[in-house]
1. I'd like to know if segment 194-212 contains one or more residues that are β-branched (Val, Ile, Thr), closer than 30 Å to PHE96 by Cβ and open to solvent by less than 40 Å² (accessible area, probe 1.4 Å).
2. Restricting segment 171-193 to residues that are open to solvent by less than 20 Å² (accessible area, probe 1.4 Å) and of a type in the set (A, V, I, L, M), which is farthest from PHE265 (Cα to Cα)?
3. Of all residues in segment 262-283, which are open to solvent by less than 40 Å² (accessible area, probe 1.4 Å) and in contact (Cβ under 8 Å) with a residue 12 or more places away in the chain?
4. Looking at LYS225 and the list (1) within 21 Å of THR11 (Cα to Cα); (2) crowded, with 21+ Cβ neighbours inside 10 Å; (3) not acidic (Asp, Glu), which single condition is not satisfied?
5. Which residue is farthest from ARG283 (Cα to Cα), if the candidates are limited to segment 217-238 and must be in contact with a Leu (Cβ under 7 Å, 6 or more places away or on another chain) and without any contact (Cβ under 8 Å) to a residue 40 or more places away in the chain?
6. Any residue in segment 310-321 that is modelled with pLDDT under 85, farther than 21 Å from ARG246 by Cα and either open to solvent by less than 40 Å² (accessible area, probe 1.4 Å) or among the acidic types (Asp, Glu) (or both)?
7. Being buried (at least 19 other Cβ atoms within 10 Å of the Cβ) and under 18 Å from the mean Cα position of the chain (by Cα) is the filter here, so list the residues in segment 145-163 that pass it.
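The values are calculated or read from the model by the stated rules, or taken from the named source; none is laboratory data. Since the model is a prediction, treat every value here as computed from it, not as a measurement. In this analysis, Cβ positions are derived from the backbone assuming ideal geometry, glycine residues included, and neighbour counts consider all displayed protein chains. Surface areas here come from the heavy atoms of the whole protein model, side chains and all, with no ligands, DNA or RNA. Shrake-Rupley method; radii C 1.70, N 1.55, O 1.52, S 1.80 Å.
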Amino acid sequence: MAGLKPADVVTFGESMVLLQPMSEGPLAYAPLFTRSIAGAESNVAIGLSRLGLSVRWISRLGADPFGDLIASTLAGEGIDVTLVERDPAYPTAVYFKEFKGYGDPNVYYYRKGSAASRLAPEHVKPRWFENARHLHVTGITPALGPETADAVRTAMTEARKQGLTVSFDPNLRRKLWSEEEARRTLLSLVPLCDIFLPGLEEAEFLAGEMTEEQYGAHFLGLGAKAVVLKLGEQGSVGFTPLAAVRAQPHKVSRVVDTVGAGDAFAAGFLSSWLNNESDDDERNLLAALERANLLGALATQYRGDWEGLPKLAEVQRLQSGGRETTR
């Protein structure tokens, strides 16, 4: 079997076909829909690929046209999908967004019994991590099926065994499992990661009410090497054993769709953190947080989970304060 192309980042999880109504209002009355793809890990993969990193995405898809769409879309974004499995017995998942003109969109999942929900520890192969530097996982995959949490745990353990660093975004999805099971499972995975990326609400869900500094100390104490708290409109704050850094938000004038903003944030952070060239923890952390805040803010400007993610040249221009020549 031929060797795999080198990968800066490996990620795995479920991607779905996304159907969005072309007009605002209740989903029941929407006459026309657009179709795309979505999934936390594939969103991050696309964000990283556009920022110049090499990415390997792994999953299980149905042997159906929706699976074809996901695989071809990600390959078109320059992502290595050679280890994706196609399952003729179980379908590719689907989800819908509902825009009512106010607040966050409502999300409806149709992913029970999907091909990815059958993911089990025996599907995780040492080959997944061949010629790779880093593994990124989320807390969505453990909620999908009876053995998916064990599969994520196996992957994190194997990646570290092979010398990869690991990032973990809890990405809490209350619609997928009970709060008790979610809290127990997500907390059990924190000691297996190097970079922990919770939102403030997720940190409170996992550890109770604390100050930001206490959250940093708490999750570092569980074994993470870096803790990054996403604060939404307030920016973000990061902690390592040697540094604590706050980064101001990237301001936007309007918010169109917040879904996918956390994944964009993760892509921004990892793209900088994994390529840092300094031994200064504080400087590296600030640079990564600032890029993460920018990516997260830009993601809220578009309907769709990943379509508006920028390429590296655009990010560099925005961070340097440059203006784009449009005509």
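1. Just the residues of segment 194-212 that are β-branched (Val, Ile, Thr), to begin with: 195, 211.
After this cut, where a residue has to be closer than 30 Å to PHE96 by Cβ as well, the list is none.
Among the residues of segment 194-212, not one is β-branched (Val, Ile, Thr), closer than 30 Å to PHE96 by Cβ and open to solvent by less than 40 Å² (accessible area, probe 1.4 Å), which makes the answer no.
2. Keep residues of segment 171-193 that are open to solvent by less than 20 Å² (accessible area, probe 1.4 Å), which gives 171, 182, 185-186, 189-190, 193.
Pick out the ones that are also of a type in the set (A, V, I, L, M) and you get 182, 186, 189-190.
Working: ALA182: 22, LEU186: 20, LEU189: 20, VAL190: 19 Å.
Going through the qualifying residues, I end up with ALA182.
3. Taking segment 262-283 and keeping what is open to solvent by less than 40 Å² (accessible area, probe 1.4 Å), we get 262-272, 274, 278.
Passing the criteria: GLY262, ASP263, ALA264, PHE265, ALA266, ALA267, GLY268, PHE269, LEU270, SER271, SER272, LEU274.
4. Of (1) within 21 Å of THR11 (Cα to Cα); (2) crowded, with 21+ Cβ neighbours inside 10 Å; (3) not acidic (Asp, Glu), only one is false for LYS225: (2).
5. Ranking the qualifying residues of segment 217-238, first place goes to LEU231.
6. no
7. THR148, ALA149, ALA151, VAL152, ALA155, MET156, ALA159
Residue-wise test of (1) out of contact with any helix residue (DSSP H, G or I) (no Cβ under 7 Å at 6 or more places or on another chain); (2) closer than 27 Å to GLY25 by Cβ; (3) at pLDDT 95 or above.
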| site | (1), (2), (3) |
| --- | --- |
| LEU69 | yes, yes, yes |
| THR73 | yes, no, yes |
| THR82 | yes, no, yes |
| LYS100 | yes, yes, no |
| ASN106 | yes, yes, no |
| ARG111 | no, yes, no |
| ALA115 | yes, no, yes |
| PRO121 | no, no, yes |
